[in-house]
Amino acid sequence: MARRLTLSGNDAAAEAMRQIDPDVVTCFPITPQTELMHKFAEFVADGEVKAEMVLVESEHSAMSAAVGAASAGARVMTATAANGLALMWEIVYIAASNRLPIVMPVVNRALSGPINIHCDHSDTMGCRDTGWIQLYSENAQEVYDNVLQAIRIAENPDVLLPVMVTFDGFIISHTVEVLDALEDKDARGWIGDYKSTYSLLNTDEPATFGPLDLQDYYFEHKRQQIEGMNNATAVIKSVGEAYGKLSGRAYGMTENYKTDDADYVVIALGSTCGTAKVVVDEMRAEGKRVGLLKLRSFRPFPHAEIVAGLASAKAVAVLDRSVSFGAPGGPVHKEILAALNGTGHTTSIVNYLYGLGGRDISTTHIRTVFEELETVAGKSIPADEVRFIGLRG
Amino acid sequence: MADMLEIRWHGRGGQGAKTASLLLAEAAAMEGKYSQGFPDYGPERMGAPMRGFNRISEEPIRLHCAIYSPKIVVVLDDTLISTADIASGLPDDGIIIVNTLKKPAEIRAELGLEGRMIYTVNATGIAIDEIGRPIPNSPMLGALVKVSPFLPLESVIEQIKKKFSHGFRPEVLEGNVRAINRAYEEVTSE
């Protein structure tokens, strides 16, 4: 039985955290994440969860405390956004390298400066190579669902990697909308108990955590970490299928929306995908063969799903909400080109930069992108050609 | 998407435009509809112009872009008539509801607007009488569902009761309910 709720994206994440009831939650506030931890702190204060909440003096300490607690064998969560994620970056990398299955909602927000509190993806794209799994969420429903799935993905013995569940600042974090949540008993049955493989506190089987690891073994440990991330693809899919059986909402690495026979495909992540689906439906009704390829998992990157999703495409638009300064195209665009390299694809691929600092992307904008794709089909597009959406002259 | 209702709230920081939009989203969901409620976020401060938004539909709502052409505009403060772009994007059959002592015809003249429908109600006066504070958002919800009956008045009142059942004195809840009922009765057309 589902419970129909009306929640903001932040409160949807907090609701999933209430049901998970982690052993330890570390916390430092930053807009637009603050309301998430505010809500969870209410659950702690009201005795609805047993979690030990650790309030610290910075995000660097929030991730440090999370690493310490996870090393001790605890199930640990924290949350952050933007500059908070940037400040904790050093320890974010260590959390993954130490194979600690921490789950962290990240509310996507532009990095300063100039100061901007609104959505873009420069924060999580900035740490795409830290070794964390990254799941992007379209709406409050997916925020809730992804947080519950992230625990099972992170703690899988073949993976043992931390997971970021991201969602768009304000657009999702502060929009109240309707979602279905699991009953507590179903959610808790889904999450199950956590038994860490190693624990700092287990004196019967002492282990070393985060030691000096020089030319002798560091490289082998990194190789193992690569393996864990590679294994994550199958685990994300099997967890997504199992969650579908439980909730009626199955998940994969991507959502290929009407791409099967599509001539023109837009690739995006986050809340923009919802708006793009509306445009796809409108244009399909006009007889145009258009589709959306939504990236749910950015790390690991869904190569197979992308190749399949673009099989019929004559032209593809890759929408980037962050900049890779000095590189040919944005982070998503580069990954798409790499995924298609060597597959014999002749699709024309155009990179669009949009939405920096929360600049709106409307249905009209997305329709224009599809219309431009009709004119580039069959043409060779230089990899460093970037077009802008919604930018004033 | 043709059956989707979009609403824009204009207010000043402290008048409850954000709360009203979130509360309306919850009330619509309680009626089994799909809804969104979200404000503009900027450098918020008491008295600064701000906006709230709603989408309400029988179908799941996938749009996550801004609202450009709302069917209904609710104005919590009539000093915004001359400073904010109140009628922006309002279609020919659009509706404007203003909290003011003025008559709809005066507001029409101030806006220089042709077509559309204009309604007024003294929500601040009602709020002072019934709640004891000049916060017009609750009564404006009553006026809104009278002018455009997409939700029954009872569901808005139920939502208000839910909102004010914790941490508020019973008089505050009762005052809000009276204010909603009065604005529902007192809102006037041209």
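Quick look at the numbers
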read-out	value
Cross-chain or 6+ apart pairs with Cβ under 8 Å, the range A:261-275 first and within 9 Å of chain B (Cβ to nearest Cβ), then surrounded by 24 or more Cβ atoms within 10 Å (Cβ to Cβ) and in a helix (DSSP H, G or I)	A:THR272/A:ILE366; A:THR275/A:ILE366
Residue list for the range B:54-88, restricted to those being aromatic (Phe, Trp, Tyr) and more than 9 Å from every other protein chain (Cβ to nearest Cβ)	none
Candidates A:GLU335, A:GLU372 - the one that is among the charged types (D, E, K, R), at pLDDT 95 or above and either crowded, with 18+ Cβ neighbours inside 10 Å or in contact with a Phe, Trp or Tyr (Cβ under 6 Å, 6 or more places away or on another chain) (or both)	A:GLU335
Options B:ILE128, B:ILE107, B:ILE96, B:ILE118: the member that is touching a Pro at 6+ places or on another chain (Cβ under 8 Å) and closer than 16 Å to B:GLU190 by Cα	B:ILE118
Which listed residue, of B:ALA48, B:ALA28, B:ALA20, is closer than 25 Å to A:ALA276 by Cα and of a type outside the set (Asp, Glu)	B:ALA28
Within the range A:126-177, considering residues that are of a type in the set (Phe, Trp, Tyr) and within 14 Å of another protein chain (Cβ to nearest Cβ), the one nearest to the chain's Cα centre (by Cα)	A:TYR136
Qualifying strands (runs of 3 or more DSSP E) (wholly inside the range A:165-276; at least 2 residues being touching a Ser or Thr at 6+ places or on another chain (Cβ under 8 Å))	A:176-181
Helices (runs of 4 or more DSSP H) fully within the range B:86-190 counting 3 or more residues that are in contact with a Ser or Thr (Cβ under 7 Å, 6 or more places away or on another chain)	B:104-111, B:170-186
When residues of the range B:1-24 are limited to those that are part of a loop (DSSP other than H, G, I, E, B) and either among the charged types (D, E, K, R) or over 10 Å from the mean Cα position of the chain (by Cα) (or both), the one modelled with the lowest pLDDT	B:MET1
Condition check for B:GLU6: within 14 Å of chain A (Cβ to nearest Cβ), surrounded by 19 or more Cβ atoms within 10 Å (Cβ to Cβ), touching a Gly at 6+ places or on another chain (Cβ under 8 Å) and among the charged types (D, E, K, R)	no
Long-range neighbours under 8 Å by Cβ, at least six apart or interchain, first residue farther than 18 Å from A:THR80 by Cβ within the range A:37-52, second aromatic (Phe, Trp, Tyr)	A:VAL49/A:PHE40; A:VAL49/A:PHE43
Any chance A:ARG128 is among the basic types (Lys, Arg) and either buried (at least 21 other Cβ atoms within 10 Å of the Cβ) or part of a helix (DSSP H, G or I) (or both)	no
A:ALA181 in contact with an Asp or Glu (Cβ under 7 Å, 6 or more places away or on another chain) and among the small types (Gly, Ala, Ser)	yes
Filter result (more than 18 Å from A:TRP132 (Cα to Cα) and not β-branched (Val, Ile, Thr)) within the range A:207-217	A:ALA207, A:PHE209, A:PRO211, A:LEU212, A:ASP213, A:LEU214, A:GLN215, A:ASP216, A:TYR217
Residues of the range B:34-53 satisfying the condition of being touching a strand residue (DSSP E or B) at 6+ places or on another chain (Cβ under 9 Å), assigned to a loop (DSSP other than H, G, I, E, B) and more than 8 Å from chain A (Cβ to nearest Cβ)	B:ASP40, B:GLY42, B:GLU44, B:MET46, B:GLY47, B:ALA48
Which numbered condition A:ILE226 misses (of (1) surrounded by 12 or more Cβ atoms within 10 Å (Cβ to Cβ); (2) free of Cβ contacts under 8 Å to residues at least 24 places away in the same chain; (3) of a type outside the set (Gly, Ala, Ser))	(1)
Criterion: in the same structural domain as A:GLN19 (by TED's automatic domain parsing), surrounded by 24 or more Cβ atoms within 10 Å (Cβ to Cβ) and part of a loop (DSSP other than H, G, I, E, B) - qualifying residue of A:PRO114, A:PRO101	A:PRO101
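The values are calculated or read from the model by the stated rules, or taken from the named source; none is laboratory data. Just so we're clear, the structure is a prediction, and the values are computed from it rather than from any experiment. Neighbour counts are summed over all protein chains in view; Cβ atoms, including those assigned to glycine, are modelled from backbone coordinates with ideal geometry.
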